[in-house]
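Enquirer: Encoded as structure tokens, here's the structure I'll be asking about.
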Amino acid sequence: MPSWARVMCALLFHQPTPQRPSHTPSSLLLSLPVLLLLLLLYLLVASSPCHAEVFTLGYLTGSQRRPGNLDYQRPGITISGAISLAVEQVNAGRLGALGHSLEFIVAETYGDEVASIRQTAALWTQQVAAYIGPQETCVHEGRMAAAFNLPMISYYCTHRDTSNKLDFPTFARTRPPDTQISKSVVSLLLAFNWTQVSFLYLDDPSSQYQPVAETILNTLESAGVTVRDIRTWNTIYHHGFMSNPFDTLVEQTHANTRIYLILGHYYEHVGLMVSLQRRGLLARGEYFVIGIDIEQYEPANPDKYLRGLLLEKVEEVAGQAFQSYLGILPTAPTSFATFANEVNKYMERPPFNFPNPLGLFGGAKQISAEAAYLYDAVHLYANALLTVLEAGEKPKNGTAVVAAIKGSRYLSAMGYHVYIDENGDAAGNYTVLARGWARNSRNQSVLGLVPAGTFSHSGGSSSEALPDLNLYGNIEWVGGVLPAAAPRCGFGGEKCVNYTGEISAGIAGGALLLLGLVSLVLYRNWRYEQELDSLLWKIDFREVQMHENEKEQQSQKQTRSTHPLIRTSQVSLSSNPDADFRYTTIFTPIGLYKGQLYAIKKVRKKSVDITREMKKELKLLRDARHDNICAFIGACTDPPNICIISEYCTRGSLKDILENEDVKLDNMFIASMVADIIRGVIYLHESPIRFHGSLCTSNCLVDSRWVVKLTDFGLFAFKQGIEDSSTDMQHMSSKCLKLLYRAPELLRQGPSSLVVGTQRGDAYSFAILLYEMHVRRGPFGETGLTPMQCLQKVLQPQDVQHPYRPSLQPLETAFDCVRECLRECWSERPEERPDFKTIRAKLRPLRKGMRPNIFDNMMAMMEKYANNLEALVDERTDQLQEEKKKTDALLLEMLPRPVAEQLKKGHKVDPEHYEQVTIYFSDIVGFTAMSAESSPLQVVDFLNDLYTCFDSIIGHYDVYKVETIGDAYMVVSGLPIRNGDLHAAEIATMSLHLLSAVSEFKIRHRPTNRLLLRIGIHTGPVCAGVVGLKMPRYCLFGDTVNTASRMESSGVPLKIHCSWQCRQLLDRLGGYQFLERGVISMKGKGEQRTYWLLGEDEEARTRRTYERSQRRGSRALNKFIQGTIKQAQLQAQANDGIIRSSLKQKNMPRNSLTRSSSLESPKKLRFATGSLLEHHRYHSDEALLEVITDSYTGLRRSSGGSTHSRYEESTLSCQSIEQMDILQRKRRPSSYPTANTPLLLNHIEV
């Protein structure tokens, strides 16, 4: 409707005060045009939508008692006149000027919640526009108003749940909830920078202080105020008539705080102040108290706040103590007497007609503050209604009306302005009280608490915004100084500790440490120089015993043409009994030094100048010790006997072995030798030597145990200046052949005697060596070229992208990893060659299933041959072990491990009491109806899919599945192995996981239906034991089981119903979110307060998952160590007995590696020894199920159906099984072996 139309409606429908008519002719002439104009305006307004509406208010009040109920106070009998007064004023105001009006219907509730709910529904049937009320209760009524989308403005109810606008979008109230005082408290603390406090409050269930205390604590935490201590007292304290509980509280807290925050009745504050004063804590102004009460301040009795409730005078000690006190109380009303008189008048009028029994004596009823809240509620609604009408919205749209109420301000009948926050709650108006002189109701000047300040709202729309503190003047602090939240030196004096001594000691200690480090460095350098100068590597050649005819034999060297089967370093021992050592040297001279045979390598130099660089080289070489490094013993530097003495390897070099065609090298020999070479090179690369530089087959020696050892490295300075005057073609060809092992970039830089090697150059040399070990035809194979021609093609490649390298055609039958490694290692660019750790990883398939060295592999082969003699017995024994493991695995799926072990031993399982466990119950809503509409096979398949999904999830938690009965699923945590308080967290996290999985679950024969799971959890004591002899079951007994079942049955679908006992334990563990459901009636349990478990913090879930994995790993390690110790004991017992075989003992545990090549295969689990089975079981969640899975697969395969069809169908229903299936396929081979156990066959057939 246009604004001009509204104005005209107001003019037309407004009835002015009648005046005496004037009959002068001039007035009649002047009124004629006015009447015509009014007639025209009336016609215009009549054509516009101007409709006067009557808005009916439903007034919910309790002003009567039910018969027999004499305890009900009937608040409505003293406040109801306020609604009549407010409605009359509204109708006379702007709303009435627009042609609208208000009226109300009185709905009597008798102070009963059920009656209040019924009246709320009845008023809705009478087309009310809004609710004013209800009185005592408002939670259910507020939800009904939200369902009707009607505004409900309460003047009495203070329940904090209605502040949640998600559940109560149409609810507002003019009486501030008691929790509003917390913001004023925090504002006062922050104004004085009191950020550390101790909080004391009355913890009496019958009082209203508990929710206020919780709100204050939450507000303090969000504002950054540290609560150093929280203490409570349980009984209302009356000062002067009871023992003072604050003496104990102060004794416990005074050393850890300076600012006290006390919440309770005003007369209880006196007890704290007196206790502090008597201990002398308030004398110097270091301690201060902030008192909080929710009762309205009475300015007529200011002295009552300094004395006990039943005392008449103020104690002197209390008067002194209250100088260190500030109180926060609801503000007292102003000019309330006039308003009270008007309310009393309207209560005697219809529709209430409440008589005034004091009227005959000139008195009136005492009017409470709720009358002002009732009056404010009507005016607040009227103002919001005008806003909605002006916006053109529907006046009965409760959401729009409450939206207009939020953020508004109004002048209350209490005499001060009130602000409505974004939750629709009236922000409380609170006063700061301090000790001072004032006049009481008898006009006497008394010492008491007087107003010292107020709080005001700056207009912020956020409900979390704090009010501003407005003090009337300066506060008289004790000592004239504002008390501090914490002492200057800290509560323990830690901030004022004199650290001069510590600093001096630290400086002195640091200086001594620095001096010690410098001394240590100098000492190490001095000792290093001493070691260099000591020449420990130097050997006197006269101490080496050489062969008598060495010179003669050197002149008569045997060649391979005359002795083709003699290796170039072969030694044949003679039988001369008179000699101290018997041998004949062929090419490599050997000598006896200190009773040990060593190899002697001559160096063709005239003299040796021992430089510092040479000393360092020889010291590094002497200190190098490794199983795959030929030990350097020393060197002789006295000409003409300049030589190098090193460890002697009896089987010659790798070159000798490769050239000897009588030596057959299979993959085992080659793999072992390659591994030895790689280990030796890695050691050199990681040592100070850094590289080999001359890696070739002749520098790889083989000892008596077929272990390859590297030699001829690290003496670059010692070998410089070697004379090489030989010019015959054979010597040149041999030299070129050795250079073929050298990397191309090193060849191009110059002679090997002048160019040091590199690690990448060693990779190239290793590739040529590896190639020669496979083809056994020289470093480049059979090329038809001389070594010199090959060397020239390597130095001058025709194609840089494809340089000259050995042909890979002879390696077609070799491992793919060998060919790939060769290509990478002999790359023309050094940076593209891999390091030796990468090479070791690439060549690992060569040694799959082998021992570290050849000798151990040969012993393993001999043992294998010996084992074949008993193969049949072993096979039968293994089959028995396999069936036993299957039976044990199945038994462990039915009973807990400790119980199963007792039953297997034939012992009786005694029932055991558990102080605290957490039980999970769940069932499927609508299962009976679905079962009736489905075939039995479909129901079985559906339950199998669902519980297979559940079983796959609970395996990740420390829980035990008790049983499934139809669609019911029961899980417990905390037994049979106690886990402290973690059982609640395990069940809670598992419940959230199951609820998440159910949301993704698809019913196979009803894919469009959604599965509705109802979950209940509870914590308490139980008794557990095995019941029955046939088909024994591990059962739980106790009231906790019944309560957990009731929690499930009283829950709702897709929610986790949590008891208050379980919620307390979860709060102590931390990391969970709850929503209070409220108090519900539970069959056999009475009224119980329960909660909804909503979720878990991501950080807490990650932490618990990590701790759970650590606990499982610790159990697995302990189990594995115990199994190892047991095996060692069995082995010791077997050694004391009769040995049945020289290579194998029957009682010794057999190594399962001879029966399976991989620990990851399912077959390995069945044939593994006991300790390995336990180790594998505890480290793999699927290990215990593998045997059953294999048998189940075999049964499905033998039945003629598809091998994986039903399993794949079940994975489509549950995402958790699908993820587990992917993980198992990564770990297991593609085809699964079958194991049809008779026990499993009989069980499945039944």
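No value in this document is a laboratory result; all are computed from the given coordinates. Computed from a predicted structure; not experimentally measured. We place every Cβ from the backbone using ideal geometry, glycine too, and count neighbours over all the protein chains shown.
Enquirer: Gain in length, ASN218 to ALA505, computed as 0.36 nm per residue apart minus the alpha-carbon separation, to one decimal in nm?
Expert: That pair, ASN218 and ALA505, stretches by 98.7 nm at full extension.
Enquirer: So what are the ³J(HN,Hα) numbers for region 482-497, from phi and the Karplus equation (6.51, -1.76, 1.60; θ = phi - 60°), rounded to whole Hz, Gly and Pro as x?
Expert: Once rounded to whole Hz, the list reads 5, x, 9, 5, 8, x, 4, 9, x, 5, x, x, 6, 7, 10, 5.
Enquirer: Using only Cα atoms, locate the centre of region 1070-1107 and the centre of region 740-785, then give the distance between them in Å, rounded to an integer.
Expert: A separation of 71 Å, based on Cα centres.
Enquirer: How many lysine pairs are close in region 293-449, with Cα atoms under 24 Å apart and the two 8 or more places apart or on different chains?
Expert: 5
Enquirer: Quick one: dipole size for region 610-850, taken about the Cα centre, charges +1 on Lys/Arg Cβ and -1 on Asp/Glu Cβ, in debye to the nearest 20.
Expert: My answer is approximately 580 debye.
Enquirer: Using the structure shown, list the pairs from LYS538/LYS602; LYS605/LYS735; LYS735/LYS842; LYS538/LYS738; LYS594/LYS719 with a Cα-Cα distance above 22 Å, or answer none.
Expert: Result: LYS735/LYS842; LYS538/LYS738; LYS594/LYS719 exceed 22 Å.
Enquirer: Give me the distance in nm between label points sitting 7 Å out from Cα along the Cα-to-Cβ direction at ARG690 and ARG819, one decimal.
Expert: For the pair ARG690/ARG819, the computed spacing is 3.8 nm.
Enquirer: Report the one residue of LEU811, ILE839, SER827 whose Cα lies farthest in the direction of the positive end of the charge dipole of region 790-856 (charges on C-beta: Lys and Arg +1, Asp and Glu -1; origin at the Cα centre).
Expert: Comparing the listed Cα positions along the dipole, ILE839 ranks first.
Enquirer: How far apart, in nm, are the 7 Å Cα→Cβ label points at THR928 and TRP124?
Expert: Result: 2.9 nm between the two label points.
Enquirer: What FRET efficiency, computed as 1/(1 + (r/R0)^6) with R0 = 41 Å and r the Cβ-Cβ distance, is obtained for ILE1080 and ALA391, rounded to the nearest 0.05?
Expert: FRET efficiency, ILE1080 to ALA391: 0.50.
Enquirer: Something else now. Quick check: net charge around SER922, other residues with Cβ under 15 Å of its Cβ, Lys/Arg +1 and Asp/Glu -1?
Expert: -1
Enquirer: Please list the non-local residues whose amide H lies under 5 Å from the amide H of TYR419, H modeled 1.01 Å from N, same-chain partners needing a gap of 5 or more.
Expert: Close amide H contacts, sequence-distant or interchain: ALA427.
Enquirer: Hey, another quick one. Apply the Karplus parameterisation 6.51 cos²θ - 1.76 cosθ + 1.60, with θ equal to phi minus 60°, to every residue of region 271-279 and state each ³J(HN,Hα) to the nearest whole Hz, in sequence, with x for glycine and proline.
Expert: Values, residue by residue: x, 5, 5, 5, 5, 5, 5, 5, 7 Hz.
Enquirer: Pull out the extension gain between GLN902 and GLU295, defined as 0.36 nm times the separation in residues minus the alpha carbon to alpha carbon distance; nm, one decimal.
Expert: Length difference between fully extended and current span is 212.0 nm.
Enquirer: Follow-up question, since we're still on this one. Quick one: order ASP1067, ASP728 by neighbouring beta-carbon count within 10 Å, fewest to most.
Expert: If I rank by nearby Cβ atoms, fewest first, I get ASP728, ASP1067.
Enquirer: Here is a further query. Select from GLN366, ALA404, ALA484 the residue farthest towards the positive end of the dipole of region 355-512; place +1 on Cβ of Lys and Arg, -1 on Cβ of Asp and Glu, and compute about the Cα centre.
Expert: Projecting each Cα onto the dipole axis, the largest value belongs to GLN366.
Enquirer: Tell me which of HIS802, GLY680, SER704 sits at the most positive position along the dipole axis of region 610-850, charges placed on C-beta atoms (Lys, Arg +1; Asp, Glu -1).
Expert: The one lying farthest along the dipole's positive direction is GLY680.
Enquirer: Report, by chain and number, residues whose modeled amide H sits under 5 Å from the one on CYS700, excluding near sequence neighbours (fewer than 5 apart, same chain).
Expert: Under 5 Å from the amide H of CYS700: LEU654, LYS655.
Enquirer: Within 10 Å, count the other beta carbons around each residue, average over each peptide in 429-439, 330-340, 916-926, and list them highest first.
Expert: Top of the packing list down: 916-926, 429-439, 330-340.
Enquirer: Sticking with this structure for a sec: How far apart, in nm, are the 7 Å Cα→Cβ label points at TRP526 and ARG776?
Expert: Modelled inter-label distance: 6.0 nm.
Enquirer: Just report the Cα centroid separation between region 657-730 and region 594-637, whole Å.
Expert: Between the Cα centre of region 657-730 and that of region 594-637, the gap is 16 Å.
Enquirer: Residue by residue through region 732-737, which ³J(HN,Hα) values in whole Hz follow from phi under the Karplus form 6.51 cos²θ - 1.76 cosθ + 1.60 (θ = phi - 60°), with glycine and proline marked x?
Expert: Each residue's phi maps through the Karplus curve to give 5, 5, 5, 5, 5, 4 Hz.
Enquirer: Continuing with the same structure: Among VAL1027, VAL314, VAL446, rank each residue by its count of other Cβ atoms within 10 Å, from fewest to most, as a rough exposure measure.
Expert: Exposure proxy ranking, most exposed first: VAL1027, VAL446, VAL314.
Enquirer: What is the extension gain from ARG488 to MET894, computed as 0.36 nm multiplied by their sequence separation minus the C-alpha to C-alpha distance, in nm to one decimal?
Expert: The ARG488-MET894 span can extend by a further 139.6 nm.
Enquirer: Also, I was wondering about something else. Hey, can you grab everything whose amide H is under 5 Å from the amide H of HIS1018? Only 5+ residues off in sequence or another chain; H modelled, so Pro and N-termini drop out.
Expert: ILE919
Enquirer: Fewest first, what order do ARG231, ARG1004, ARG1014 take by the number of other Cβ atoms within 10 Å?
Expert: Final ranking by Cβ density, sparse to dense: ARG1004, ARG231, ARG1014.
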